[in-house]
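Input: a single structure, listed below in structure tokens.
Every number here is computed from the coordinates shown, using simple stated rules; none is lab data. Given the structure is predicted, the values throughout are model-derived calculations rather than measurements. Note that each Cβ is placed from the backbone with ideal geometry, even for glycine, and that neighbours are counted across all protein chains shown.
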Amino acid sequence: MILTEDRLQDLLDKSLAELPRGTEWAVTLEGSIAEGFGNPSSDIDFLLVGRREDDLPAMPSLLFVDGRRVEIRTQSVRQLADRLRAVEEGAERPGRLSEDLLNRCQRLLHSHPLRGHALVEEVKAMLPVERFRRITAGWWAHRARQSLRHAMALLCLGECDEAVDWTRAGLVQTVKSWAAGLGETYLEPKWLSLQLDRAGHADVRDRYWELAATDPAAGDAEAAHAHLAACLAFAEEVGLTGVPWRAERLTVERVAGVTTWQTGDRVHVIRGRREVFALGEDSGAVWRSLVLGRPLPRVLAAATDTGVADPGPPLAAFLRYGLIRLAWKGGGTVTPALPLAAPPGPVTPPPSTAQPLLSVRGAAVGGPGAVDLLPLPADRFAAAAMALVWSNVVVENAVEDLTGALRRGQWRVAELTARRAVHAALRGLFSAHGVHPLPADPDLVRRFDLLPPTTGPIGAHAGELLRRTVDSAQHGDTLLTELRAYIGRVRDTVGAGSFPLSFDSADTWRATLQIGYDWLRIGAHLDAELPIEEARDLLACNGAQPHQAL
């Protein structure tokens, strides 16, 4: 150790002087200095062990003693025993062993007793060091397999730079597994060079550093393949099993809670009933080509047959966002993870900034290859989209009523139905921008601060129309002309320019029902608020009218 026993005892005395009195502690030194590593900047980690019945905090107290940073942790014998037992019980499923749990136990088992030696050794004996070596080696081996399999998948998808990063991760994890089997179980990789020197196998050490120094050029797929092949060969040489170069053993699998919904040409993928991803034209074609359970190379080939020039990036995005998962035949789901890093799991990208968010044909996207996360929870997304569709139906109904009122000279009826059409169009505009629940109709024209500034002219136009009166056929015709222009303006803004003239014919009504049904299916799945009660009947009839001849 870089500190003498006397120096450690002196630091311990001064540290204990700053703690409350009343408990007899056994004390052991943990961490890099206890391992024989460390440097003048390394902190001093004292673990105080007591025969206490109550749980003691895992969080350390931080002291500064004689220019050294000292961490004091307190744990009861029972707490330490529970941890050691959890490691032993989790050995058969290393993927579920947490890094923090393993690290805490490793530090204890390799600690240097300073006081109460008998109690410290009693606790250590609960998990023999040889057994812990095998568990730690297995834990690192599991992680190495995951990283190397993931790198293989990324190369298959054409993501060579990311594959290089995961190859490097797998290389570190491979040599850490090998070193752990020789007793070098300290988890943090920062002391790896000293661990390899101490392990005493110069051939393995030198080959590792040779591979670690390899740096394939960015975008060089051939070099990335060669680097992974060399790392896989090294892994086999040091005893890591389960990672032959066989990409066909990687299969694309379903993820629980991920569902697909299509409206028009737009594909929406809902993750965990909470998040909605909208897919661009190319990404949607790749998604529709998926046949789950197939080997990754076959999935990639099928995606290429869709006409998408490079289906690898969309597939990689689906994998990254947890919309699909990869499994290794006989080895379960591929879940790569790095030490001392963010926990593994699906990435959640920043929300899409497309405006407006929704159209009657589907959510807005940033381009053909987009896999965009909508900035709305799934139930609000569905409710807003249903409100958008329903607002357009109401607009069509109101315009039909207005036309009939003008023919009959019913001027007051015409005024009210025109206002109804204005308000319904505004409801569609607000819904398309994700506003839900909506403000009350009279308040809509004053709430344009909720929308992008570019919609301001629509608000001004709506205010003018809401103040119009009708007392003659000429005024009525002028109002109808301006109202149609206003509706067209709103619909162009929200992507509803092709909305059917719902009440013009049987065909246009059928088309309206189909649009509504597509969105109602999503809303019902998410238990979202339906726009009207009759919508349930449309669902029950699978998008058809309830009363029609068979």
Of region 23-51, those with amide N under 12 Å from the point 7 Å along the Cα→Cβ vector of Ile2 are 32-44
Amide H proximity to Asp45 below 5 Å, modelled H, separation 5+ or other chain, gives Glu30, Glu71
Subtracting the Cα-Cα distance of Asp66 and Ala202 from 0.36 nm times their residue separation yields 45.0 nm
So the angle from the long Cα axis of helix 378-407 to the longest Cα principal axis of the chain, reported in degrees to the nearest 10, equals 10 degrees
Rounded to the nearest 10 degrees, the helix 202-213 long axis (Cα) sits at an angle to the longest Cα principal axis of the chain of 30 degrees
Distance in Å, no decimals, from the C-alpha centre of region 47-69 to the one of region 25-39 is 13 Å
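Looking at region 211-256, what % of the alpha carbon pairs are farther apart than 15 Å? Intermediate results must be reported in sequence, preceding the final value.
Details: 593 of 1035 pairs.
Everything past 15 Å amounts to 57 percent.
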When Trp25, Trp191 are arranged by how many other beta-carbons sit within 10 Å of their Cβ, fewest first, they go Trp191, Trp25
Under the helix-only model (-39500 (n - 2.57) for each DSSP H run of 4 or more, divided by the residues of the chain), the mean residue ellipticity at 222 nm, to 500 deg cm²/dmol, is -16500 deg cm²/dmol
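Using Cα pairs under 8 angstrom and six or more residues apart, how large is the relative contact order of region 133-245, in percent? Numbers along the way, then the final one.
Values: 133 pairs, mean separation 37.8, N = 113.
Relative contact order comes out at 33 percent.
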Between Lys190 and Asp165, the two model label points (7 Å from Cα along the beta-carbon direction) sit apart by a distance in nm of 2.1 nm
Note, region 73-86: 3J(HN,Hα) by Karplus (6.51, -1.76, 1.60, θ = phi - 60°), whole Hz, Gly/Pro = x, goes 10, 10, 8, 7, 4, 5, 4, 5, 5, 4, 5, 4, 5, 5
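Can you give me the Kirkwood hydrodynamic radius for region 5-127, using every pair of distinct Cα atoms, in Å to one decimal? List each step's numbers first, then the result.
Working: mean 1/r = 0.0665 Å⁻¹.
Final number for the Kirkwood radius of region 5-127 is 15.0 Å.
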Measuring from the longest principal axis of the C-alpha atoms of the chain, the long axis of helix 160-181 (C-alpha) lies at a number of degrees, nearest 10, equal to 30 degrees
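Could I get the Rg over Rh figure for the chain? Both from C-alpha atoms, Rh via Kirkwood, rounded to two places.
On the way: Rg = 33.0 Å, Rh = 28.6 Å.
Result for the chain is an Rg/Rh of 1.15.
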The long-range amide H neighbours of Val258, using H built 1.01 Å from N in the peptide plane and a cut-off of under 5 Å, are Gly272
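Where does each of Glu162, Glu464 land when they are ranked from fewest to most other beta-carbon atoms within 10 angstrom?
Glu464, Glu162
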In order over region 347-356: 3J(HN,Hα) from phi, Karplus 6.51/-1.76/1.60, θ = phi - 60°, whole Hz, x for each Gly or Pro, gives 7, 10, x, x, x, 4, 10, 4, 9, x
At q = 0.15, 0.19 Å⁻¹, the log10 of I(q)/I(0) for region 238-386 from a Debye sum over equal Cα scatterers comes to -0.80, -1.17
Expressed in angstrom and rounded, the centroid-to-centroid distance over alpha carbons for region 260-282 and region 148-163 is 25 Å
The ³J(HN,Hα) series, computed from each phi in region 293-309 with the Karplus coefficients 6.51, -1.76 and 1.60 at θ = phi - 60°, rounded to the nearest Hz and given as x for glycine or proline, is x, 8, x, 4, x, 5, 4, 5, 5, 5, 5, 5, 5, 6, x, 6, 4
From the Cα centre of region 79-114 to that of region 302-337, the distance in Å is 34 Å
With a Förster distance of 25 angstrom and the Cβ-Cβ distance between Arg447 and Arg489, calculated FRET efficiency to the nearest 0.05 equals 0.85
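Please work out the FRET efficiency for the pair Arg467 and Arg288, using the Cβ-Cβ distance as r and a Förster radius of 51 Å; give the result to the nearest 0.05.
0.55
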